[in-house]
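First the structure, in the form of structure tokens, and then the observations on it.
Every read-out reported here was derived from the displayed coordinates using simple, explicitly stated rules and does not represent laboratory data. Bear in mind that the values here come from a model prediction, so they are computed numbers and not experimental data. Reconstructed Cβ throughout: ideal geometry from the backbone, glycine too, with neighbour counts over all protein chains shown.
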């Protein structure tokens with residue numbers, strides 16, 4: 001080993017990037033699903049409508065993380 | 001991780017074991033520390049980390065031409081043929097009191113009616129788009145489910161062509177629906193400039209909304225479906241390959257292979273769920289986009 005090198009990091013930065021990109025949507029999806037559960041508990045008869053709104057919200061939030069996969073493949 | 005003399009690079013091969021043929025646009029390099037030297041005994045590794053080459057298998061027919069026919073296309077053809085034949089037979093024998101097969105198909109159609117159209121477009125306006133939405137849902141569901149059918153094992157939507165086609169189809173449908181209702185200028189104004197905002201905001205809002213309508217909506221539909229199917233397939237390959245590698249490692253690691261196998265089965269079940277969920281999300285977003293294009297202002 002080169003004596004001048006104290007430590008060396010090996011790996012792909014894209015995996016760190018994916019980890020960072022997963023934080024925000026993770027929290028976001030948690031909030032969406034949690035709020036939907038609360039709303040369903042208040043008004044169980046609206047369950048169907050609430051669930052489709054939830055899935056639309058999840059779809060918009062989750063695309064950010066999925067974009068991170070694509071970015072990793074494009075620039076990684 | 002700190003590089004120690006023992007740390008090694010895991011060379012990427014595709015699962016069949018031979019290196020990728022021909023130039024690939026991008027080779028993705030994954031290097032990790034070698035945590036399990038026993039899996040790489042005699043330099044012949046039992047466990048290969050899968051790459052994107054999984055989705056570009058060797059051509060079966062017409063290799064080298066633009067009409068290259070490989071396993072993905074074969075899977076799509078088989079699934080389409082099966083679905084068309086089954087649905088045609090059931091539709092031609094439709095009865096007022098449904099049999100078992102007919103009631104399963106009716107269940108899917110009812111699900112699109114009640115779960116998607118009723119909650120977004122409303123049953124009164126939405127019935128015009130019901131054929132489109134039901135076709136889209138059944139099409140994507142069968143293509144996604146091919147990824148978990150033993151023997152096919154590759155989703156038809158895991159290569160970009162098919163998700164892109166479905167998304168562009170959706171794009172055309174919602175733009176045409178909007179233009180038909182309001183005319184071209186009226187549609188653009190409706191989608192890009194919601195009324196009742198301070199004037200300077202429009203400078204910022206109109207370009208963003210315009211980009212959203214013409215690009216981001218269908219691009220995000222494509223990427224959402226594609227990335228889900230690609231990630232799901234890679235995940236299954238990793239866990240099943242890991243189980244195999246551990247089982248035949250001829251060391252104490254064989255003992256933990258059942259746990260990896262159980263995990264692989266769990267992920268398999270999760271993939272069945274994801275196949276349905278992604279078809280549902282694609283269809284419901286298509287319905288929402290149509291609703292945004294055609295809705296009256298409140």
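Work out the mean other chain Cβ neighbour count within 10 Å for the residues of A:49-58 and drop it here as an integer. Let's see the in-between values first.
Values: counts 3, 1, 2, 10, 4, 0, 8, 7, 0, 2.
Per residue, the number of nearby Cβ atoms from other chains is 4 on average.
So for B:202, B:174, B:187, fewest C-beta neighbours within 10 Å to most, what's the order?
Details: B:202 14, B:174 24, B:187 21.
In order of increasing Cβ crowding within 10 Å: B:202, B:187, B:174.
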In whole Å, what are the extents of region B:67-194 along the principal axes defined by its C-alpha atoms, from largest to smallest? 51, 45, 22
I'd like the distance separating the alpha-carbon centroids of region B:256-284 and region B:160-207, in whole Å. 35
In nm, give the distance between the simple-model label positions of residue B:113 and residue B:85, each being 7 Å from the Cα along the Cα-to-Cβ direction. 2.9
What is the fewest-to-most order of A:4, A:54 by other Cβ atoms lying within 10 Å of their Cβ? A:4, A:54
Largest to smallest principal axis extent of the C-alpha atoms in region B:78-294, angstrom: 72, 53, 26
Taking the Cβ of each residue in B:296, B:53 as the centre, tally the other Cβ atoms inside 10 Å and list the residues starting with the fewest. B:296, B:53
Residue B:106/residue B:68 FRET efficiency (R0 41 Å; Cβ-Cβ; nearest 0.05): 0.55
